[in-house]
Every structure is written in C-alpha cells, then in structure tokens.
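The values are calculated or read from the model by the stated rules, or taken from the named source; none is laboratory data. This one's a predicted model, so the numbers in the text were calculated from it and none came from an experiment. Note: ideal-geometry Cβ built from the backbone for every residue, glycine included; neighbour counts use all protein chains shown.
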Amino acid sequence: MALSSPGIGSGLDVNGLVSQLMALEQRPFTLLATKEAKYQAQLSAYGSLKGALSSFQGAVAALATPAKFTAVKASVADTAVLTASAAPSASAGSYSIQVQTLAQAQKLKSDTFDATIDTVGTGSLTIQFGTYSGGSFTLNPDKSAQTITIGSANASLAGVRDAINAANAGVTASIVNDGSGNRLVVSSKDAGLANALKITVADDDLNNTDAAGLSQLVYDASTGGTTNLTQTVAAQNATAVIDGITVTKSTNTLTDAIDGVTLTLLKEGSTTTLSVAKDTAGIKAAVESFVKAYNDLNKTLTDLSKYDAASKQASILTGDATVRSVQSQLRALFNTALSSAGGGLTTLSDIGVTFQTDGTLKLDSSKLTAALNDSAKDVATLFAAVGKPTDSLVSFVSSTTDTKNGNYAVNITQLATQGKAVGQGNAALTINAGSNDALSLTVDGVAVSVTLNAGTYLTTAALAAEIQSKINGASALSSAGSSVTVTESGGKLTVTSGRYGSASTVAVTGGNAASDLFGGTTETAGVDVAGSIGGIAASGSGQALTGAGDASGLKVSITGGATGDRGTIGFARGYADLLDKLVGRMLENDGLVDGRMDGINASIKELGSRREALASRLVQIEKRYRAQFTALDTMIASMTQTSNYLQQQLANLPKAGGSNT
C-alpha cells in the first residue's frame, strides 16, 4: 500500500528537498526578469528620446515656413485713438494719422405703440442698402435686398421685431420704451453712407405708403419717397487724414488705406503716430527657442548614452547604435553648408549660432540682430523652404518634399482668365414684378435664381448694382465661395466670375428677365495659367502653376503681367525645413526610433514565451522529483519495515549455547 504523506514512512523531508531543488531550477526566471527589466528601461529611455525629438521638431517647424520671417509689427503711439495690425506685405514706415470722424450705422425709429403686443400689420418688408445723395438713392452693389414676410403670427410690434431679427437681413430690430410709448428701432448692421436703409412694404391693406398697417415702417428718404420711420442716427463714413491725405471709408476698420496694414479707428478728433517695422523680436524669439530645443535634445542624448568614468557606470543606452545614428545625422546636417535661394546666408554661424565644445549651440544675439537688419540678408532662406522669384507678379506659394533645390526659369504661355457672360443688347431699365424680374444663372457650376426689385432704374450702372447684389446674396453661391461682378458698358451688361481658371464660368440659363437684360449673351469660360518651370511643362489651376521634374511640387502664383519669359525662381531648403523632415523620418512609425522600440518589444514578447515554456517545463520537473522521492520514500519505508521484522525475529531466536528442555 502506497504512503499518502511523503516522508512519513522514511522520515525524509520530501517537500523540503523538492522545494530546494525547484529553487535551483527556477534561477532562469531571475535571469529572464533581469533581462526584461533592462529592456523596459531601454523602452523608457527611447520614450524620453522620442519626446525630446518631438519637442525639437516643434521648435524647428516654427521656423520652417517663410511666413515666420515676413511678419511685420505695427505700433501705435496712442492706442485710445486707433489700433493697428500689419500683414507681411506691409512696408516699413512711420505715419501721422488724424481721426476726424467715425463710421456710423443708420438707425430708424417708428411712432409709438401702447404695448408690444399691439398689431402693426401683415404683408412683407423689403430692405435695401445704398446711398442717399442729391435726392436719389443708389443701391449698394455688394449688399443684396432682403424681403421679410410678416404673417398674422408675427403681426404685433414684438412679432415684427422677432421676424426681422430671425431673417438675418443685414439689420437688427429692437423695441425701446421712451416714456411716451414703445418704438420699433431698426438699425443697419454695417456702418457707412453706402449702408443707409430703404424700406418698402407690400401691405396687405393694399396701401403701401400710408400711416396704417405695415406701411408704418416705410422709409425712403429720396425725393418723393415716404418716411414713416424717423432717422435717429445718420449713416456716416469714417474719415481719417494719413500724412495729409484724407481717407474716407464706410467702416471704422480700414484694410486698404495703407498697403498691408489694418487700422481700427476708435476716437474722433485725435491724432497719433503709427510705426510699421519688421517683427525682429518674433524672429529672435523663434531662433532662441530653436537653440534651446536643440540643447535640450542634446542633453537628453548625452544623459541617455554617457559613461561615467569616475563611477565606472554606464547609462542605459551607452554605446547604442540608434542613439549614435541620431547624433551623427543631426551633426552632419548642421555641418553642411546650404544651397542658398539667394538670401546671402549659408551657415548658422552667419547669424551667430555656433557649436560649443560640449556639443551645445550658442546664440550671439548681436550678430543675429545685424543679419536681420541687413537688407542684403534674408534670414528666412537660412531656415525655411523658400522660393525667391525675380518677377514681382510671380509669387512663391509652397513646395513639397519632392521639390529639389535649384534656380528655375519661369515661362508663361497663357495667363489665367475669369469666366464671363457678355450681354449682346442694351439692358431694359424698367423691371416689372412677375414680368421681367426673374433671372437664372450658373456661376462656377452653381445654379442661382434671383428675383430683382421692381422699378425703373435711372442708369444701367444702378441696374447692374441690383443684379450683382441679388446674385451675390444667393446662399448657394456664397456657400460655394463664389461671387460675381456685374458691370456695364454702353448700356450692355457683363457678369464676371470672381474666380480664375477653368472652373470659372458664367452662363445665363433662363428667367423672364434674361432677354430684356441681356438680349442674348456671349459666354466665355475662364482658362488656367499655363507655362513651364525649369523648362518642363507645369500644371496650371487658376492662377497657380505647379512644377514637375526637379521642380515637382513647386507652386507659384501668376497674378498678371505678360506671356513669355518671366524671370527665375530660386528655391532652397533651410536648416529648419531640413531638420523638420529629418526628425520626422526618425519619428515615423517604421522610422529609426520606432523601429528600435519595435525590436525591443519583440524581445520582451519572446522573453514572455520563454517564461511560459520554462514554467511548463518546471511543472514536469517537479512532478519527476516528487515521483522519484516518493519511490525512494516507499523503498526506504519498505526496507525499514523489513529491518524491523528481521530484528524482531532475531530477538525471538534461542540464545546460542542455551539448555534444551
């Protein structure tokens, strides 16, 4: 019969013996754990390296685009008078600016009503925008007329207010109680003389000008017009005197008074000084950030790979090939002089950025300042991917990773044009509702249908303004980012798309006004710019021309001029652009760093497989040990039993030499 508890029969400590033997067998687990801990430490180190590379890439990316170096700063002596901002196209200079008047939006008020629930009337309101001058009203061609339906549900004073505001018609409405009653106040959203209001009605009581019903809201200040609303604030333009030149605008935000500068007028009757200069402070800050980011990256690389000779202690990535590769690639790029696009700078030392003996970068601010203030130097070419055309009407737009450094000739065989529809007959100046007031067009592939305001227009230019206003007010067209300009010449109308290129089209497709307005049209689609860059045919889209071959991805914009030779464009990549792309490749999913991390993760996974196999093998080894010791225990127990039996039998034998009885 087998023993149920090992060691009972023999006195052997079977469990203790097996435990000690298994402790020896499990020593490979400790080795695997040590190796995994080392791998995990390497992963953490690579994570730190990846973070440092990413931070460095962010700093160089800020310097990799030309816009960073074309920033211009506008400074105003008295910001209570006006504020200013400058675009890269602004020229340096100083200006004396006097604000004479601020632009105002026109406001109109109604007669009083006892309560806001009092009925005004039903019908429709049509709101037009334009200029009153010499007793006449001239439509604003950039603002479309808006018609608002007033039904029985919103026939009250409050209802009319809400209907106007809900229509988003370019005006706002409010109710003011002045102590004598409630008044409806209608205000133009936009300031300026050209945004004065003309409000006409189609009153359900069939009288559109009396002081009853919806006609109470009529306002037409032209000669012979009806003004049942009263003006409380007149439409007024802003007037400023800039270096002795009077500038008049419809808004207090002046975007084209000084090229590239936006002025916001704040205070009438005051004078201040505006200074426009290159934003060197912003460039300096970006270069300083670039130097700091590299030094931070260099410190991370050093800390991860250094060897402390004093303590004879190696870092986690000492001697690591990937770290050495990162360091060598970065240093090789820094030590390579650039192919310049024409900025007069080829190395970082030209602007005071130099390497120190410890591998860090140092910036000489005075040398950088001198380079920024030198008109013969273009610091942008030292950092960004820059194209510098010799023709003022050719501008660099962008490049791709495929664009190679070089000096490329630009030749234009066809300039981009706009699509248009030209009327063949003189336009009728009288528009009758339901008779010749509907017009359908397709502009840049977008179908538009409009209804013109009925009436007799004094000039073809006034009619053109009405047509342009209605077309541009069509939501389908504005949503597509398209617009038109309607002009007249000799009584004939022309509708021109605001877009350039083959996508630019205008077609008059129908409507009962088409014949009276145009008498037939000649329609011409726009064409894309065409030509070559670097002697190789380029692809055109609108006014943009994109190169091929070595100039692949090099995009330029041709905004005018003549066909033929248009000079050259020099293209080169600066250090920031090159570093951005180099670090980007290192950080790609299958790049230098991730590739190494993938290898470490694979090794950790393989250790896991080995651990599982070892655990399975140890189970079998323990079973074998227990089986062997159990057998030994049984055998010793059996031998002990036999020994005890023999001893007992021997003890019972007669003693030698004893007597016989």
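Does THR509 count as in the same structural domain as ALA427 (by TED's automatic domain parsing), assigned to a strand (DSSP E or B), in contact with a Ser or Thr (Cβ under 7 Å, 6 or more places away or on another chain) and over 20 Å from SER144 (Cα atoms)? Answer is yes for this residue.
For the stretch 241-255, residues that are aliphatic (A, V, I, L, M) and surrounded by fewer than 15 Cβ atoms within 10 Å (Cβ to Cβ) total 2. Within the stretch 141-177, restricting attention to residues that are at pLDDT 95 or above and of a type in the set (D, E, K, R), the residue that is surrounded by the most Cβ atoms within 10 Å (Cβ to Cβ) is ARG161. When ALA238, ALA234 are checked against the criterion of being surrounded by 14 or more Cβ atoms within 10 Å (Cβ to Cβ), of a type in the set (A, V, I, L, M, F, W, C) and touching a residue at least 40 places away in the same chain (Cβ under 8 Å), a single residue qualifies: ALA238. Residues that are in contact (Cβ under 8 Å) with a residue 60 or more places away in the chain, outside any strand (DSSP E or B) and of a type in the set (A, V, I, L, M) within the stretch 174-220 comprise ALA191, LEU193, ALA194, ALA211, ALA212, LEU214, LEU217, listed in sequence order.
Scan the stretch 412-422 and give yes if some residue there is of a type in the set (A, V, I, L, M), at pLDDT below 95 and surrounded by fewer than 21 Cβ atoms within 10 Å (Cβ to Cβ), otherwise no. No, there is no match, as no residue in the stretch 412-422 is of a type in the set (A, V, I, L, M), at pLDDT below 95 and surrounded by fewer than 21 Cβ atoms within 10 Å (Cβ to Cβ). Using the structure shown, decide if ASP162 is more than 30 Å from SER482 (Cβ to Cβ) and in contact (Cβ under 8 Å) with a residue 60 or more places away in the chain. Judged against the criteria, ASP162 is not a match. With a requirement of 2 or more residues that are closer than 21 Å to THR400 by Cβ, the strands (runs of 3 or more DSSP E) lying completely within the stretch 515-595 that satisfy it span 530-533, 536-541, 544-546, 555-558, 564-573.
Evaluating THR147 against the criteria (1) in contact (Cβ under 8 Å) with a residue 24 or more places away in the chain; (2) in the same structural domain as ASP203 (by TED's automatic domain parsing); (3) of a type outside the set (A, V, I, L, M, F, W, C) leaves one unmet condition, (1). Looking across ALA155, ALA115, ALA167, one residue alone is small (Gly, Ala, Ser) and either within 30 Å of ASN237 (Cβ to Cβ) or touching a Phe, Trp or Tyr at 6+ places or on another chain (Cβ under 9 Å) (or both). It is ALA167.
Residue-wise test of (1) outside the structural domain of ILE412 (by TED's automatic domain parsing); (2) surrounded by fewer than 17 Cβ atoms within 10 Å (Cβ to Cβ).
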{"position": "GLY535", "(1), (2)": "no, yes"}
{"position": "GLY542", "(1), (2)": "no, no"}
{"position": "VAL593", "(1), (2)": "yes, no"}
{"position": "LEU607", "(1), (2)": "yes, yes"}
{"position": "ARG611", "(1), (2)": "yes, yes"}
{"position": "ALA615", "(1), (2)": "yes, yes"}
{"position": "LYS623", "(1), (2)": "yes, yes"}
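The listed residues are SER482, SER449, SER469, SER504, and the only one of them that is in contact (Cβ under 8 Å) with a residue 40 or more places away in the chain, assigned to a loop (DSSP other than H, G, I, E, B) and either more than 30 Å from THR400 (Cβ to Cβ) or outside the structural domain of THR126 (by TED's automatic domain parsing) (or both) turns out to be SER504.
The set of residues in the stretch 242-254 that are in a strand (DSSP E or B) and either closer than 16 Å to VAL76 by Cα or not assigned by TED's automatic domain parsing to the domain that holds ALA84 (or both) comprises ILE242, THR253, LEU254. Please determine whether any residue of the stretch 294-312 is at pLDDT 95 or above, of a type in the set (A, V, I, L, M, F, W, C) and over 31 Å from the mean Cα position of the chain (by Cα). Among the residues of the stretch 294-312, not one is at pLDDT 95 or above, of a type in the set (A, V, I, L, M, F, W, C) and over 31 Å from the mean Cα position of the chain (by Cα), which makes the answer no. Looking at the stretch 66-171, the strands (runs of 3 or more DSSP E) lying wholly inside it that each contain 2 or more residues that are under 37 Å from the mean Cα position of the chain (by Cα) and closer than 30 Å to SER375 by Cα sit at 72-76, 82-86, 93-101. The set of residues in the stretch 382-437 being under 29 Å from the mean Cα position of the chain (by Cα), of a type outside the set (D, E, K, R) and closer than 20 Å to THR346 by Cβ consists of LEU382, PHE383, ALA384, ALA385, VAL386, GLY387, PHE396, SER399, THR403, ASN405.
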